[in-house]
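In what follows, a structure is listed as structure tokens, so that the remarks can point back to it.
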Amino acid sequence: MQVSESGIYRTYLEQTPRSRALFESACPHLPGGSTRMTLFHKPYPIYAASGEGCVLRDVDGNSRIDFINNFTSLIHGHANPNVVAAVMDQLPRGTAYASPTQSEVLLAEEIKRRIPSVETMLFNNSGSEAVMGAVRAARAFTGRTKIAKFEGAYHGSYDYVAISGKSLPGSGSDPDSPAPTLDSQGLHPSALADAVVMRYNSIASVERTLERCGKELAAVLIEPICGSGGMIPAQPDFVAALRRETEKRGVLMICDEVIALRLGMGGGQGEYGVKPDLTTMAKIIGGGFPIGAFGGRRDVMEVFAVGGPGPRALHLGTFNANPVSSRAGLATLEQLDAAAFARLNALGESARSGLRATLKARGVTGQVTGAGSLFQFHFTATPITDYRSAKSANADLAFLTYLGMMNRGIQLASRGMGCLSTPMGEPEVDRMVAAFDATLLELQRERWLR
């Protein structure tokens, strides 16, 4: 059976005619109908009209509990009153200046207070830019060019890290020593030449790779939870081994906290008790506005220092540290204390437990990954520890489950990934789990599941 033959698919079409019309009107103007490729799925994405708290409304008048929160960036949901007040206070004062502002300093102080490894830092406008800046810092500081990353990890659209995030080498390749593959056409060949790829959660892969080419590596990029690769938490002994092996060889460890910062007060690195050399951040530190940041060891970040003979590396940007994003970010972080994280992470565990219990009760083979307030379901019997095991899951089932839950008032990512926000409570988690259960039952009736 084709996905488009499912009753779930047909219900989605019936519920979203205005979204369909908007998508069709967008296609002549925007390649593929949308500026953001991550939002596209067949037959078309829903078009948002408004959001408040944990509820998102589309142009057809459907209300859904938002369990994607603009891909994890809205930790307080939509239109948080404190964030709105901070932004409304700033707007009449101006949105961007050719001068630094106090809000930039205050946000940097708050981030440094939470993340001890960040001794000094710089702002930009996205997670991709944050990674680009951290990679530039590592290369300028070490004098080396190669960058290592883990298969399945997404670190943004920068050419030199758009490697082996969505693509796999051919069959027969050694999973502990993956051949780098390009995620996109249009990348310069040097991106592949300077890339080294390792297997996530494999100590053997880390040790073997760093023994072989550690002297050529400027840095290793790691997510404490591999988001796009399947929302896979890093194993503590794996993180410790990576830190040990990088320190031994003078390779900088870059902790990508763009998603993982929502795991706790100190982000993912705080949860694992590891001190990286550099950290990249975005998403929740902007309160729903464009932002990125990177920072770490003072001696490394000094490559950007102005004055004297001038910086060894450039960091420029018209809207870097703009006051609107800075104030929204500060208002967001001020509401995230240890108690708020504890409550949100407990809800996340409740969500994961509920999804697992539902799979078991329905007799459906599947896995639920995640940590903190993050989760993802996978239809596979294979335990998921890395990208290749995540790729064993049935993508059509995950997509139909997403559509079925959308039809029942729950919004997730189309691959089955979700996250929570602070306006949520147990009732919202219960509704999400109930929608999952009802969708599995519908899939069983349609014989997608047995």
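For region 102-120, what are the residues that are assigned to a loop (DSSP other than H, G, I, E, B) and among the charged types (D, E, K, R)? Within region 102-120, just 119 meets the criteria.
Taking the conditions (1) under 24 Å from residue 204 (Cα atoms); (2) in a strand (DSSP E or B); (3) not small (Gly, Ala, Ser) in turn, residue 123 satisfies each one other than (1). Of all residues in region 193-205, one or more are assigned to a helix (DSSP H, G or I), at pLDDT below 95 and surrounded by fewer than 23 Cβ atoms within 10 Å (Cβ to Cβ).
To keep it simple, each residue is scored yes or no on (1) of a type in the set (D, E, K, R); (2) farther than 22 Å from residue 395 by Cβ; (3) in a helix (DSSP H, G or I).
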residue	(1), (2), (3)
141	no, yes, yes
148	no, yes, no
157	no, yes, no
166	yes, no, no
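In region 257-308, the residue that is surrounded by the fewest Cβ atoms within 10 Å (Cβ to Cβ) out of those that are acidic (Asp, Glu) and more than 13 Å from residue 72 (Cβ to Cβ) is 299. Per this entry, residue 151 is not counted among residues that are buried (at least 16 other Cβ atoms within 10 Å of the Cβ) and under 30 Å from residue 50 (Cβ atoms). With the requirement that a residue be surrounded by 17 or more Cβ atoms within 10 Å (Cβ to Cβ) and either among the aliphatic types (A, V, I, L, M) or under 16 Å from residue 280 (Cα atoms) (or both), what does region 65-109 give you? Passing the criteria: 65, 68, 72, 73, 74, 75, 83, 86, 87, 107, 108. Of the residues examined, residue 219 is not one that is touching a Ser or Thr at 6+ places or on another chain (Cβ under 8 Å), part of a loop (DSSP other than H, G, I, E, B) and not charged (D, E, K, R). I'd like to verify a number: residues in region 92-101 that are in contact with a helix residue (DSSP H, G or I) (Cβ under 7 Å, 6 or more places away or on another chain) and not in a loop (DSSP other than H, G, I, E, B), how many? The total comes to 0. Within region 409-421, residues that are farther than 19 Å from residue 80 by Cβ have Cβ atoms under 6 Å from residues that are modelled with pLDDT under 95 in these pairs: 414/41, counting only partners at least 6 apart in sequence or on another chain.
Determine, yes or no, whether residue 58 is touching a strand residue (DSSP E or B) at 6+ places or on another chain (Cβ under 7 Å), closer than 30 Å to residue 261 by Cα and among the charged types (D, E, K, R). Yes; evaluated as a whole, the condition is true for this residue.
Restricting attention to region 19-33, and to residues there that are of a type outside the set (A, V, I, L, M, F, W, C) and crowded, with 16+ Cβ neighbours inside 10 Å, which single residue is modelled with the lowest pLDDT? Looking at residues that are of a type outside the set (A, V, I, L, M, F, W, C) and crowded, with 16+ Cβ neighbours inside 10 Å, I get 33. Considering region 34-58, and only residues there that are among the aliphatic types (A, V, I, L, M) and modelled with pLDDT of 95 or more, the residue that is farthest from the chain's Cα centre (by Cα) turns out to be 49. If the condition is being on the phi > 0 side of the Ramachandran plot and in contact with a Leu (Cβ under 6 Å, 6 or more places away or on another chain), then region 244-281 contributes only 267. Number of residues in region 40-54 that are surrounded by fewer than 18 Cβ atoms within 10 Å (Cβ to Cβ) and of a type outside the set (Gly, Ala, Ser) equals 5.
Evaluation of residue 75 against the conditions (1) hydrophobic (A, V, I, L, M, F, W, C); (2) touching a residue at least 60 places away in the same chain (Cβ under 8 Å); (3) outside the structural domain of residue 421 (by TED's automatic domain parsing) shows that the sole unmet condition is (3). Going by what's in this entry, would residue 187 be described as touching a His at 6+ places or on another chain (Cβ under 8 Å) and either assigned to a strand (DSSP E or B) or not aromatic (Phe, Trp, Tyr) (or both)? Criteria not met by residue 187.
The values are calculated or read from the model by the stated rules, or taken from the named source; none is laboratory data. Note that this is a predicted model, so its numbers are computed, not measured. Cβ atoms come from the backbone with ideal geometry, glycine included; neighbour counts cover every protein chain shown.
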